[in-house]
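Trainee: Before I ask anything, let me first share the structure, which is written out below as structure tokens.
Please treat every number below as a calculation from the coordinates, not as lab data. Remember, predicted model here, so these are calculated numbers, not experimental data. Glycine gets a Cβ as well: all are built from the backbone with ideal geometry, and neighbour counts include every protein chain shown.
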Amino acid sequence: MSLRLVIVDDDPAIRKLLSNILTKCGDFQIVEFGEGKPALEHLEKVGADIVLLDLLLPDTSGFEVMEGMNRLLADEALTIVITGHGDMEKAIRSMRLGAFDFITKPIHAEVVEQALKRAFRTARLKRAMELQRNLKHSAMERIIGESEAIKEVKRRIVTSARDRFASVLITGESGTGKELAARAVHELSPRGEGPFVPVNCAAIPEALLESELFGHAKGAFTGADRAKSGLFALADGGSMFLDEIGEMPMSLQAKLLRYLDDGMVLPLGSTRWIRTDVRVIAATNKELEKAVEEGTFRTDLYYRLSVIEIRMPPLRERKEDVVLLMEHHLSDQAARRGLAKPRLSDEAMELLVAYKWPGNVRELVNLCVKLVVEHPGEVVKPEHLAFSGTDRERLDVDVNLPYDMAKRRVMERFTVNYFSALLARHGGNVSAAAREAGIERSYLHRIIKKYGLKEAASR
């Protein structure tokens, strides 16, 4: 999403000049005002990320606009004040009112660009932090499931979150939710108010990865016309999530090991070490022990990263969570799009539980999106799932049995898994579980008796 910028100046020529400079700097949503009161009304309704504000306005003063912004927007917007040349008293007063920066007239493009670059970086960081705060309440909750496998994951996350410093290694196949687990560890930890910076080690070219992580000095390489802080500096006080750590080049593994040992970063081309306080959470879908044996991953780094390990189970190992996941994500995707939630037929649930889910939870979420978009409010039938022939071979079905018997066994497994998880969710309360399942309490009692679920039911 592009940043929202507001220009408030009574001089049309200056507004045009500032708008042209902004257009050259990037793609932004720009709104212009010649007076302070209409600008303040707009800010109250719409908000902004950055405001360029002249202090001398025809209908009010820039100070009154800033006071109104402080009252209405708290610290949502960054204000760059425009003052007359040499008018330092007003500049100081504006800074005390919370201005981010100030520029003086006559306006020079390079001065404006430098002030804007500083503001852009801060505004984007503020937006990223705000996004993390919005996700904070749901990270652990979004790890859906009542199976023993996922309960163990949650126990490991809570254990990991108690510590502020120990590295965490999260393993598991693609699509099992490794980044979600990393976010939960971060958010529940003492670092939860700090930044969470995710990096995909496989997505950044090897030639750029060192500079991205550790930063670089001006002139460190061709095109490095200014110094740049690395992501470790950005993550100071928080957590760094290194996804696909098994793809990190050996040369960078040594620098990462050095950082884990002493918390010091040496930007590329610099001679000055920088200390940062970052917890490293790494993830991989590779067998790192095998990579160590093959000499493609450092033994000492492996042991340094795996102080605490969390294994994310594939979906085929927690079949009892499939229906819970489907119901959750169908509701979520329908709500996001303002569409009616599709309903799963018994036959569709049979197929979903029997399927081996090679793409794990990511594949399941994508299926939910497809069902919501293509069949809003409808009853989902097996033909709507559109599993290919290859996919059908992945169904966990014993084809050596007659059809009726194979179907009955799949349904029995589904029934046991579904109601065991549902009863566990409600602490064994049969009435509450029956209500959520949409069945009579007496019918659920018969299922409990038939399948020996008495240990899961308490009342």
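Trainee: Pulled fully out, how much extra length does the chain show between A203 and E293, if you take 0.36 nm times their separation in residues and subtract their Cα-Cα distance?
Mentor: Values: separation 90, 0.36 × 90 = 32.40 nm, distance 2.46 nm.
Additional length available on full extension: 29.9 nm.
Trainee: Further question: Taking a 30 Å limit on the Cα-Cα distance, which of the listed pairs K228/K286; K381/K450; K37/K228 fall beyond it? All intermediate terms of the calculation are to be shown ahead of the outcome.
Mentor: Values: K228/K286 32 Å; K381/K450 27 Å; K37/K228 39 Å.
K228/K286; K37/K228, as the Cα separations exceed 30 Å there.
Trainee: A further question on this structure: Take A13, project a point 7 Å from its Cα along the Cβ direction, then tell me which residues of segment 90-121 have their backbone nitrogen under 14 Å from it.
Mentor: From segment 90-121, the list is 105-108.
Trainee: Continuing with this model, one more query. Given an 8 Å cut-off on Cα distances and at least 6 residues of separation, report the relative contact order of segment 141-313 as a percent.
Mentor: RCO, segment 141-313: 33 percent.
Trainee: What aspartates and glutamates sit close enough to K341 to cross-link, taking a C-alpha to C-alpha distance under 15 Å and skipping anything fewer than 8 places away on the same chain?
Mentor: Output for K341: E327, D332, E374, E378.
Trainee: Now a separate question. Using packing as a proxy for protection, rank 353-366, 182-195 so that the peptide with the highest average count of other Cβ atoms within 10 Å comes first.
Mentor: 182-195, 353-366
Trainee: On to the next question. Charges on Cβ only, +1 for Lys and Arg, -1 for Asp and Glu, centred on the Cα centroid of the chain; of L18, M326, F221, which one is farthest towards the dipole's positive end?
Mentor: In the chain, that residue is M326.
Trainee: A further question follows. How large is the dipole of segment 141-313 about the Cα centre if only Lys and Arg carry +1 and Asp and Glu carry -1, each at its Cβ, rounded to the nearest 20 debye?
Mentor: Here the size comes out at about 520 debye.
Trainee: Report the calculated FRET efficiency for R362 and E317 (r = Cβ-Cβ distance, R0 = 25 Å), to the nearest 0.05.
Mentor: Using R0 = 25 Å, I get an efficiency of 0.95.
Trainee: Out of the DSSP beta bridges found with both residues in the chain, what percent are antiparallel (nearest 5)? If you can, show how the numbers build up before the last one.
Mentor: Working: 6 of 44 bridges.
Of those bridges, close to 15 percent are antiparallel.
Trainee: Rounded to the nearest 0.05, what FRET efficiency do K154 and V46 give with R0 = 41 Å and r taken as the Cβ-Cβ distance? Could you check?
Mentor: 0.55
Trainee: Another question, then. First measure r as the distance between the Cβ atoms of D300 and K449, then evaluate 1/(1 + (r/R0)^6) with R0 = 60 Å and state the FRET efficiency to the nearest 0.05.
Mentor: E between D300 and K449, to the nearest 0.05, is 0.60.
Trainee: How many nm is it between the label spots at A254 and K381, if each spot is 7 Å from the Cα in line with the beta carbon?
Mentor: 6.5 nm
Trainee: Taking every DSSP beta bridge with both residues inside segment 141-313, roughly what % is antiparallel (nearest 5)?
Mentor: Once the DSSP bridges in segment 141-313 are tallied, antiparallel ones form about 20 percent.
Trainee: Same structure again: Under the 0.36 nm per residue contour assumption, what length would be gained going from the current alpha-carbon distance of V307 and K37 to full extension?
Mentor: Residue separation times 0.36 nm, minus the Cα-Cα distance, leaves 91.5 nm.
Trainee: Filter the chymotrypsin sites (Phe, Trp or Tyr not before Pro) in segment 182-265 to those in DSSP coil with at most 15 other Cβ atoms within 10 Å of their Cβ, and list the result.
Mentor: Sparse-neighbourhood loop chymotrypsin sites (Phe, Trp or Tyr not before Pro): F221.
Trainee: Sticking with this one: Taking only C-alpha pairs under 8 Å that are 6+ residues apart, what is the relative contact order of the chain in percent?
Mentor: Details: 729 pairs, mean separation 51.6, N = 459.
Relative contact order here is 11 percent.
Trainee: Once Lys and Arg get +1 and Asp and Glu get -1 on their Cβ, which of I245, C201, P190 lies farthest toward the positive end of the dipole of segment 128-273?
Mentor: With unit charges placed on the Cβ atoms, the residue in question is P190.
Trainee: Something else about it: What value, in deg cm²/dmol to 500, does the helix sum -39500 (n - 2.57) over DSSP H runs of n ≥ 4 give at 222 nm once divided by the residues of the chain?
Mentor: Dividing the helical sum by the residues of the chain leaves -15500 deg cm²/dmol.
Trainee: A further question on this structure: Please compute the modelled spin-label separation between T271 and R96, points set 7 Å along Cα→Cβ, answer in nm with one decimal.
Mentor: 4.4 nm
Trainee: For a label point 7 Å from the Cα of K286 along Cα→C-beta, name the residues of segment 170-195 whose backbone N is under 16 Å from it.
Mentor: 170-174
Trainee: Ok, one more. Dipole magnitude of the chain about its Cα centre, charges +1 at Lys/Arg Cβ and -1 at Asp/Glu Cβ only, in debye to the nearest 20?
Mentor: Its charge dipole is roughly 1180 debye.
Trainee: Turning to a different aspect of this structure: Gain in length, R142 to N70, computed as 0.36 nm per residue apart minus the alpha-carbon separation, to one decimal in nm?
Mentor: Between R142 and N70, full extension yields 22.4 nm more.
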